[in-house]
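K.L.:
Sharing a structure, written as C-alpha cells. Questions coming.
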Amino acid sequence: MSSIKVLKVLNVGKGQTMEITVNESEPEDSIDRYVMDTVCTGEEALEIPPHWHKNHQEFLSVIEGRVEITLDGKTTLMKAGDPAVLVPRRAVHSVKGFKGERLIFREKPDPAGIYKALFFNDVFSKGGFGGVWHTLRAFYDGDAYLALPLHSQLIDQAFVSVLGGIAHLFISKKPETL
C-alpha cells in the first residue's frame with residue numbers, strides 16, 4: 001500500500017493542474033512529506049513571474065520535460081533528471097515552460113510543512129489565478145512577494161503589504177484547510 005496520497009488537484013491554467021501530495025511515511029519536518037507537482041499538457045506554457053519569499057526556501061525539480069529557471073538574473077535550462085535547484089530565501093526567481101511540451105514541475109518548501117500547499121490552494125481557489133486583488137491578498141498571507149522592476153525588496157514588501165492589506169477589506173479570507 002502506497003503512503004503517498006493526493007490531497008487535492010488544483011486548476012492552475014489552461015491544460016495545467018497542481019497535484020498536492022503527502023507522503024505519510026515521512027515525518028512532518030521532512031521536505032519530502034508535502035510535495036506540489038504542476039502538471040502541464042503543453043497547451044499553454046507554464047509561466048511563473050519573478051517573485052521571492054522572505055521566510056522559506058524552495059527545492060525545484062523537473063520530473064518530466066524541461067523548464068527555464070531564472071534565479072537572481074541567471075537563466076538555466078532544467079530537464080527531467082537534473083538535480084533539484086535550491087532557491088534560497090529572498091532569491092528572485094521565475095519559471096517558464098515550453099508550449100507544446102508536456103511538463104511535470106515539482107516544488108518542495110523548506111522549512112517543511114503544509115503551509116505552501118495551503119498557499120497554492122488559496123491562490124488557485126478561483127480555478128486559476130483569481131484576479132489581482134485576490135492574488136495580492138494571497139501573497140500577503142503566504143510569504144510571496146512580486147519582484148517589481150525597481151529591484152528593491154523593501155519596495156516589493158511595501159507593495160504587497162499595503163495592497164494585500166487593503167485587499168483583506170473586500171476579498172474572501174484564506175481557506176484554512178485543503
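K.L.:
Quick check: is even one residue across the range 92-107 in a loop (DSSP other than H, G, I, E, B), touching a Pro at 6+ places or on another chain (Cβ under 7 Å) and closer than 25 Å to residue 152 by Cβ? Step through it out loud before you land on a result.
P.N.:
Of the residues in the range 92-107, the ones in a loop (DSSP other than H, G, I, E, B) are 92, 97-102.
With the extra rule that they be touching a Pro at 6+ places or on another chain (Cβ under 7 Å), the set shrinks to 92.
Keeping just the survivors that are closer than 25 Å to residue 152 by Cβ gives 92.
Yes, that holds for at least one residue.
K.L.:
Something else about it: Out of the strands (runs of 3 or more DSSP E) lying entirely within the range 1-68, which hold 2 or more residues that are crowded, with 19+ Cβ neighbours inside 10 Å and of a type in the set (A, V, I, L, M, F, W, C)? Reasoning before the result, please.
P.N.:
Numbers: elements: 4-13, 16-23, 34-40, 47-52, 57-64.
Passing ranges, in order: 4-13, 16-23, 34-40, 57-64.
K.L.:
Those residues that are exposed (fewer than 14 other Cβ atoms within 10 Å of the Cβ) and in a helix (DSSP H, G or I), I need them from the range 127-154; list them, please.
P.N.:
132, 154, listed by residue number.
K.L.:
Please enumerate the residues belonging to the range 150-163 that are modelled with pLDDT of 95 or more and farther than 15 Å from residue 55 by Cβ. I'd like the intermediate steps shown before the answer.
P.N.:
Going residue by residue through the range 150-163, those that are modelled with pLDDT of 95 or more are 152-163.
Of everything in the range 150-163, those that are modelled with pLDDT of 95 or more and farther than 15 Å from residue 55 by Cβ turn out to be 152, 154, 155, 158, 159, 162, 163.
K.L.:
Check residue 171 against each of (1) surrounded by 14 or more Cβ atoms within 10 Å (Cβ to Cβ); (2) not in a loop (DSSP other than H, G, I, E, B) and name the one condition it does not meet.
P.N.:
The one condition residue 171 does not meet is (2).
K.L.:
Sticking with this structure for a sec: Can you run down the residue pairs with Cβ atoms below 7 Å, 6 or more apart or on separate chains, where the first is in the range 8-22 and closer than 13 Å to residue 36 by Cα and touching a residue at least 12 places away in the same chain (Cβ under 8 Å) and the partner is assigned to a strand (DSSP E or B) and of a type in the set (Phe, Trp, Tyr)?
P.N.:
Partner pairs satisfying both residue conditions: 22/34.
K.L.:
Which of (1) among the charged types (D, E, K, R); (2) surrounded by 13 or more Cβ atoms within 10 Å (Cβ to Cβ); (3) under 25 Å from residue 147 (Cβ atoms) does residue 102 not meet, given it meets every other one?
P.N.:
Single failed check for residue 102: (3).
The values are calculated or read from the model by the stated rules, or taken from the named source; none is laboratory data. Just so you know, these numbers come straight off a predicted model, no measurement behind them. We place every Cβ from the backbone using ideal geometry, glycine too, and count neighbours over all the protein chains shown.
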